[in-house]
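Enquirer: This is the structure I have questions about; it appears just below.
The values are calculated or read from the model by the stated rules, or taken from the named source; none is laboratory data. Just so you know, these numbers come straight off a predicted model, no measurement behind them. When we count neighbours, we look across all protein chains shown, and the Cβ atoms used for this are built from the backbone with ideal geometry, even at glycine. The area values use the complete protein model at the heavy-atom level, side chains included, leaving out ligands, DNA and RNA. Shrake-Rupley method; radii C 1.70, N 1.55, O 1.52, S 1.80 Å.
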Amino acid sequence: MKIFSYQPPSIPWLDIRYQDRDIIVINKPSGLLSNPGRAENTFDCAINRLLQRYPEAILVHRLDCATSGIMVFALNKKAESNIKTQFQNRVTEKYYVAEVQGIVTDDKGKIALAMMTNSEHPPLQKIDVNGKAATTYYEVMERRANSTLIKLKPITGRTHQLRLHMKALGHTILGDDFYGDEQIIKAADRLCLHAQHLQILHPYTKAPISFFSKHPF
């Protein structure tokens, strides 16, 4: 079993990017859980920080603890139902930015590899033809000396999908202490994966609304 050591960052405590009567959007820092786990020391998380200031806030989707970037929360039950349905029906548009090991040669491509839980090493996942379908599109943004900055668009939302798909491509995300070797882990002080863009249909106006937080890589 992978040992999880939780030390959430205190700065910024809450980086709020947008708010109206129905939704609130934050830029979640790397190292902060989206919602609490079973252990008492995981109480400090994005939703609980929001609840201290906005008691009506409701979690509608998640980012991995190590992943930073845009998260949207509902401020009423109607908005919660609407946004959750959008995620389930893949109405939302989102992309991530990652810095990965090595030079990705193809300018763009598609990764379609099924995934399932690695029962021998929870909470890790694994590529398996008997797993659930998972699809990711990628596009090179910048080739650096020994790494590549890449845009990732997941069509499905499997746990650790982007981490596993990039590893399967031969370009593990820098700082990945779940799927990377010692060199990968030492290459960055965090997982170099950031949810940069999210577009939803506003639950009240029904008009598209987009949120952006530039990657820190």
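Enquirer: Anyone know which of T117, T67, T136 comes out most mobile in the 10 Å Cα GNM of the chain?
Expert: The residue with the greatest mean-square fluctuation here is T117.
Enquirer: Running a GNM on the chain with Cα contacts under 10 Å, which residue among V72, V100, V25 ends up with the highest mean-square fluctuation?
Expert: Maximum among the listed residues: V25.
Enquirer: From Cα pairs below 8 angstrom and at least 6 apart in sequence, can you work out the relative contact order of the stretch 1-81, rounded to a whole percent? Show your work: numbers first, answer last.
Expert: Working: 145 pairs, mean separation 25.0, N = 81.
The value is 31 percent.
Enquirer: Considering only DSSP beta bridges where both residues belong to the chain, give the percentage that are antiparallel (nearest 5).
Expert: Values: 45 of 47 bridges.
Around 95 percent antiparallel, to the nearest 5.
Enquirer: Once you have the Cα-Cα distance between K214 and T85, take 0.36 nm times their residue separation minus that, and quote the gain in nm to one decimal. Numbers along the way, then the final one.
Expert: Details: separation 129, 0.36 × 129 = 46.44 nm, distance 2.66 nm.
Extending this stretch completely gives an extra 43.8 nm.
Enquirer: In degrees between 0 and 90, to the nearest 10, how far off the longest principal axis of the chain does helix 77-88 point, with axes built from Cα atoms?
Expert: 20 degrees
Enquirer: Take the solvent-accessible surface of the protein heavy atoms, probe 1.4 Å, and return the percent of it on the stretch 92-217 that carbon and sulfur atoms account for. Don't jump to the answer; show the numbers that get you there.
Expert: On the way: 3200 of 6410 Å².
Carbon and sulfur together cover 50 percent of it.
Enquirer: Among the trypsin sites (Lys or Arg not before Pro) within the stretch 10-82, which fall in a DSSP loop and have no more than 11 other Cβ atoms within 10 Å of their own Cβ?
Expert: Values: sites: R17, R21, R38, R49, R53, R62, K77, K78; in loops: R21, R38, R62.
Taking the stretch 10-82 and a limit of 11 other Cβ atoms within 10 Å, the loop trypsin sites (Lys or Arg not before Pro) found are R21, R38.
Enquirer: Quick one: Karplus J couplings for the stretch 20-33, per residue in order, coefficients 6.51, -1.76, 1.60, θ = phi - 60°, nearest Hz, x for Gly and Pro?
Expert: Calculated HN-Hα couplings, in order: 9, 6, 10, 9, 9, 10, 10, 9, 6, x, 5, x, 10, 5 Hz.
Enquirer: Same structure, new question: In debye to the nearest 20, how big a dipole does the chain give about its Cα centre with +1 on each Lys and Arg Cβ and -1 on each Asp and Glu Cβ? Write down the numbers at each step before the final one.
Expert: Numbers: 28 positive and 21 negative charges, 118 e Å.
It comes to approximately 560 debye.
Enquirer: Could you calculate the FRET efficiency of A133 with D107 from 1/(1 + (r/R0)^6), where r is the beta carbon distance between them and R0 is 25 Å, rounded to 0.05?
Expert: Numbers: r = 25 Å, r/R0 = 0.99.
For R0 = 25 Å, the calculated efficiency reads 0.50.
Enquirer: Just want to confirm a number: the relative contact order over the chain, from Cα pairs under 8 angstrom separated by 6+ residues, in percent. Let's see the in-between values first.
Expert: Values: 476 pairs, mean separation 41.9, N = 217.
Relative contact order, the chain: 19 percent.
Enquirer: Roughly how much of Y137 is accessible, in Å² to the nearest 10, using a 1.4 Å probe?
Expert: About 100 Å², ignoring ligands and nucleic acids.
Enquirer: Only helical DSSP H runs with n ≥ 4 go in: add -39500 (n - 2.57) per run for the chain, normalise by residue count and round the 222 nm mean residue ellipticity to 500 deg cm²/dmol. Walk me through the intermediate numbers first.
Expert: Numbers: 4 runs with 34 residues, N = 217.
Rounded to the nearest 500, it is -4500 deg cm²/dmol.
Enquirer: For L33, enumerate residues with amide H under 5 Å from its amide H, sequence gap 5+ or separate chain, H modeled in the peptide plane.
Expert: The list, which skips near neighbours in sequence, is A46.
Enquirer: Along each principal axis of its Cα atoms, how long is the stretch 98-158 end to end? Whole angstroms, biggest number first, please.
Expert: 37, 22, 16
Enquirer: Same structure again: Calculate, for the chain, the solvent-accessible area per residue in square angstrom, rolling a 1.4 angstrom probe over the heavy atoms of the protein chains. Walk me through the intermediate numbers first.
Expert: Values: 11370 Å² over 217 residues.
Value for the chain: 52 Å² per residue.
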